1. Which residue out of Pro70, Pro50, Pro27 is modelled with pLDDT of 95 or more and assigned to a loop (DSSP other than H, G, I, E, B)?
2. Under the condition of being out of contact with any Lys or Arg (no Cβ under 9 Å at 6 or more places or on another chain) and small (Gly, Ala, Ser), which residue from segment 93-129 is most open to solvent (accessible area, probe 1.4 Å)?
3. If you go through segment 93-129 one residue at a time, how many are in contact (Cβ under 8 Å) with a residue 24 or more places away in the chain, small (Gly, Ala, Ser) and in a helix (DSSP H, G or I)?
4. Among the residues of segment 54-67, what is the count of those that are on the phi < 0 side of the Ramachandran plot, surrounded by 15 or more Cβ atoms within 10 Å (Cβ to Cβ) and part of a loop (DSSP other than H, G, I, E, B)?
5. What is the residue count in segment 55-64 for residues that are under 15 Å from Phe120 (Cβ atoms) and out of contact with any helix residue (DSSP H, G or I) (no Cβ under 7 Å at 6 or more places or on another chain)?
6. Can you tell me which residues in segment 73-87 are outside any loop (DSSP other than H, G, I, E, B) and either among the hydrophobic types (A, V, I, L, M, F, W, C) or more than 22 Å from Pro29 (Cα to Cα) (or both)?
7. Among the residues of segment 68-85, which ones are of a type outside the set (Ser, Thr, Tyr) and buried (at least 17 other Cβ atoms within 10 Å of the Cβ)?
8. Does Ile90 qualify as being part of a helix (DSSP H, G or I) and open to solvent by less than 80 Å² (accessible area, probe 1.4 Å)?
Amino acid sequence: MKRRVWLSVLMIFIAFSVLGTAFGGDPRPPKKTRALVNTGKALYEKNCTPCHGPNGDGNTPIANSLNPHPTNFTQHLQNWPNTKGDPEKIFDVISKGIPGSAMVSWSKFSEKERWGLVYFVMEFSTEKK
């Protein structure tokens, strides 16, 4: 009897785990790889440089006209507004944008592509995690 109860509990746990992953995605970020960083770099160069600049310092003609000013990714991570360099918060900003700013949602990119952006912009920082 106890064996059936434990088996039932185990089967329910497995079912919820599988369903959670299928519907909610993996809650953990993917492993940082050079290929993923390169994906982020390509997306950054095409979509982010007008505001954040090719060097990540936010020193562009467009950036200088924006209020609030785009994040200067070359600062120490803890000085990044909105995220303090936390990868999950950076991912949220890329995914959802920042209301009241020029930072729009980039949810059109896949989750993996957005993580590539996270890992790439963090490489600009003078203090890497």
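The values are calculated or read from the model by the stated rules, or taken from the named source; none is laboratory data. Everything numeric in this text was worked out from a predicted model, so none of it was measured. Heads up, the Cβs are rebuilt from the backbone with ideal geometry, glycines too, and the neighbour counts pull from every protein chain shown. Protein only, heavy atoms only, side chains kept; ligands, DNA and RNA dropped before computing areas. Shrake-Rupley method; radii C 1.70, N 1.55, O 1.52, S 1.80 Å.
1. Criteria check complete, one pass: Pro70.
2. Gly100
3. Qualifying residue count, segment 93-129: 1.
4. 3
5. 2
6. Leu77, Asn79
7. Hits for segment 68-85 are Pro70, Asn72, Phe73, Gln75, Leu77, Trp80, Gly85.
8. Yes, satisfied.
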